[in-house]
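Chemist: This is the structure, below, for whatever I ask next.
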Amino acid sequence: MAGRIRQADVEEVKARTNIADIVEERVALKSAGVGSLKGLCPFHDERSPSFHVRPGVGFYHCFGCGESGDVYSFLRAMDHVSFTEAVERLAGRIGYSLHYEDGGATPETSGRTRLFAANTAAAEFFRAQLATPEAETGRRFLGERGFDAGAASHFGVGYAPKGWESMTNALTAQGFSREELIAAGLVSQGQRGVYDRFRGRLVWPIRDVTGQIVGFGARKLYDDDQGPKYLNTPETQIYKKAQVLYGLDLAKRDITRGDPRRVVVVEGYTDVMACHLAGVTTAIATCGTAFGTDHITVLRRVMGDDSGSGEVVFTFDPDAAGQKAALRAFAEEKRFNAQTYVAVAPDGLDPCDLRLQKGDVAVRSLMERKVPMFEFVIDQRLKGYDLSSVEGRVGGLRSAAPILAEIRDALLRPGYERVLARRLGMDPTEVHVEVERAARRSTPRDDAPATEPAELGSPLERVTLAGLPRHHDVALERDALMAFLQYGHRIDPELFARAIAIPFRHPALDAVRSAVAAAPDPARPGWAMDTIQSVREPYRTLAGELLARPLPATDEAGAVAVTGELARNLIVRSLDGEKNELLGAVQRVPADSEEGRRVRVRLRDLDAERQRLLNEQ
């Protein structure tokens, strides 16, 4: 029986894997200096990026929440897999054959890995069934909506047969247990046993942002089907409908390459298909639930939403349900840095019908009809008022003013006040006064109960870069440790060893220095990560920040030069300290004594050594 994965293989897989490639499947990264990338943290919600990745050392660290680690810890945290599963997944990705030690723990063949495998097998089964005679109704449904066999194949659309156990039998024949199929949400449990959840339906595979199939959405085709029009996979270990966006795996590349970065939010699977086929390749949709906070968090990370330059365009039906969806989206709009818009097609057509009736150009032109979300919501607020009467205009102003009061951009708010004034036919000053009044009502009072004070930090409260004192000695030690952890292996080994052996003056930085000095082989790949793990608490977070923080250099050669310069500066500082002590000794010992002569010789040696080091810079 296979045992534990050999440690040499674990290290080899990590060395061959670019951590940036893994992270970028979930987070848009951009340059943050030499050898460093940054993006919005996937571990906590934030408006500006504090999550740094250093591909050269295979390390990530968030300066906001403190999360840090290597590519294995990232996968384990993101996908909730075991260490073994993380290694096996990455090995499979790069085509590396793992070797197992006898007598160790058996690699996991259950849990999330099996659920992904079951969904993948189900998707292949459904796709094959779409070509069978029974699926004629499904093929006709797709054809009537403008989707040919190539489109169905591109999006992985399949067909679930009417039989109660067709898929169950196919997957159990492949070695999946009924318990695994239940856990994956592929079958339901009845009094007589399990049966296929999806029967007589078109099926769309739903993938996470990395492209793994986590569930399915199925559309009914037959009048005798008493189920809902759309039926989705239930909540499972890997399928959380509040966090999944259909089409994001296909759209993310064009989202990150766009200028501006634009996401188009539509309402259904066929709308996503229509948009992508028409050239609007950044379209995505929710899966059986309203667009919510978790969806925004996922989108912001993929977009790299740390400025106001991006665009999020919502397409809604003009009916009552569409208006409610727009207002729900507006309630969450403030979570975006990107500008938000609403696009409504002529005659209220959704993108699928618009493409069918008016062609691809009409779908692409829909983006040109977008209006700012605020204008759309203002118009929705004003619809219920008779603006031809004074009472109606006042009522409309009172209804719409709180919307404008929520605008966070001080330059945008006056512009929308003028828009509202024109809609109402009122003086902009009157509108401004009411908006300011609404803003004051939404601002917490000074006498409001205070939140409970934060719990006092313990003696082991973590130390971070932000908590270090601002002093030139601390700055030198901080920058030197950053350089040593990142590029210490690239400078002269003797220079590195001499500099890192010098005790530091700040206790926290000296704790990190001690761990670096104790590293057995700084030339070994992964040594910096191992060193971070060896730093004693409460200084480990500080060590991670030092490894992740970018060096002030324009390229790798410059970074190596800076590292050497900082090493020499540390040695010079140490020499200066020794010189000051000897100058004091000169005053205490007779000049013609043996000790006095030794002091003067040492002073000359120190000056010569100092000058030599300075000449090397």
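The values are calculated or read from the model by the stated rules, or taken from the named source; none is laboratory data. Note that the structure is predicted; figures quoted are calculated from it, not measured. Cβ coordinates were reconstructed from backbone atoms using ideal geometry, including for glycine residues, and neighbour counts include every protein chain displayed. Calculation scope for accessible area: heavy atoms of the full protein, side chains included, ligands and nucleic acids excluded. Shrake-Rupley method; radii C 1.70, N 1.55, O 1.52, S 1.80 Å.
Chemist: If r is the Cβ-Cβ distance from H44 to A290 and R0 is 35 Å, what FRET efficiency results, to the nearest 0.05?
Modeler: Once the sixth-power term is evaluated, E becomes 0.90.
Chemist: Quick check on the stretch 349-392: what are the equivalent-ellipsoid semi-axes from the Cα gyration tensor, as sqrt(5λ), descending, whole Å?
Modeler: 32, 12, 8
Chemist: Divide by every residue of the chain the summed helix terms, -39500 (n - 2.57) for each DSSP H run of at least 4, and state the resulting mean residue ellipticity at 222 nm, rounded to the nearest 500 deg cm²/dmol.
Modeler: The per-residue figure over the chain is -15000 deg cm²/dmol.
Chemist: Under a 1.4 angstrom probe, counting protein chains only, how are E267, E179 ranked by accessible area, largest first?
Modeler: E179, E267
Chemist: Could you state the per residue volume, in Å³, of the convex hull enclosing the Cα atoms of the chain?
Modeler: 245 Å³
Chemist: For R6 and Q357 in one chain, what is 0.36 nm times their gap in residues minus the Cα-Cα distance, to one decimal in nm?
Modeler: Here the segment from R6 to Q357 would lengthen by 120.4 nm.
Chemist: To continue, here is another question. Report D for the stretch 27-71 in µm² per second (integer): Stokes-Einstein, Kirkwood Rh on Cα pairs, 37 °C, 0.692 mPa s.
Modeler: In µm²/s, the coefficient is 318.
Chemist: So, one more: Once neighbouring chains are kept in place and the probe is 1.4 Å, which whole percent of the accessible area of the chain is contributed by carbon and sulfur?
Modeler: 49 percent
Chemist: I would also like to ask the following. Considering only protein heavy atoms, with the full assembly of protein chains and a 1.4 angstrom probe, order D306, D386 by accessible area, largest first.
Modeler: D386, D306
Chemist: Modelling each spin label as a point 7 Å along the Cα-to-Cβ direction, I'd like the F83/L603 distance in nm, to one decimal.
Modeler: Roughly 5.7 nm, to one decimal.
Chemist: When you take every Cα atom in the stretch 191-280, what is the radius of gyration, and what is Dmax, the widest Cα pair distance, in Å?
Modeler: 15.4, 56
Chemist: For the stretch 469-543, evaluate the Debye formula with one uniform point scatterer on each Cα (no solvent term) and list log10 I(q)/I(0) at q = 0.14, 0.15, 0.18, 0.26 Å⁻¹, rounded to two decimals.
Modeler: Log10 of I(q)/I(0), two decimals: -0.39, -0.45, -0.65, -1.35.
Chemist: What spacing in nm lies between the two simple spin-label points modelled at T429 and T132, each 7 Å away from Cα in the Cβ direction?
Modeler: Each label point lies 7 Å from its Cα, and together they span 7.6 nm.
Chemist: Report the FRET efficiency, 1/(1 + (r/R0)^6), for A501 and N615, where r is their Cβ-Cβ distance and R0 is 22 Å, rounded to 0.05.
Modeler: That pair, A501 with N615, gives E of 0.50.
Chemist: Continuing with this model, one more query. Along each principal axis of its Cα atoms, how long is the stretch 1-140 end to end? Whole angstroms, biggest number first, please.
Modeler: That works out to 58, 47, 23 Å along the principal axes.
Chemist: Which pairs break 24 Å Cα to Cα here: K30/K252; K14/K38; K240/K358; K38/K252; K220/K358; K220/K241?
Modeler: Pairs exceeding the cut-off: K240/K358; K220/K358.
Chemist: Cα-based Rg of the stretch 170-324 per 2.2 N^0.38 Å, rounded to two decimals?
Modeler: Relative to the 2.2 N^0.38 Å estimate, the stretch 170-324 comes out at 1.16.
Chemist: Computed from the mean reciprocal separation of all distinct C-alpha pairs, what Kirkwood hydrodynamic radius does the stretch 179-230 have, in Å?
Modeler: Computed over the stretch 179-230, the radius equals 12.3 Å.
Chemist: Any idea how far the Cα center of the stretch 189-228 sits from the one of the stretch 266-293, in Å?
Modeler: After rounding, the separation between the Cα centres reads 19 Å.
Chemist: Top to bottom by accessible area (1.4 Å), largest first, where do I378, I502 land?
Modeler: Putting I378, I502 in descending order of accessible area: I502, I378.
Chemist: Here's something else I'd like to know. Please give the direction-averaged projected area of the C-alpha convex hull for the stretch 122-176, in square nanometres with one decimal.
Modeler: 3.8 nm²
Chemist: Tell me, what is the per residue accessible area of the chain in Å², probe radius 1.4 Å?
Modeler: Roughly 48 Å² per residue, with all protein chains present.
Chemist: Say each of R536 and D555 gets a label point 7 Å from the Cα, pointing the same way as Cα to Cβ; how far apart are those two points in nm?
Modeler: That separation, rounded to one decimal, is 4.3 nm.
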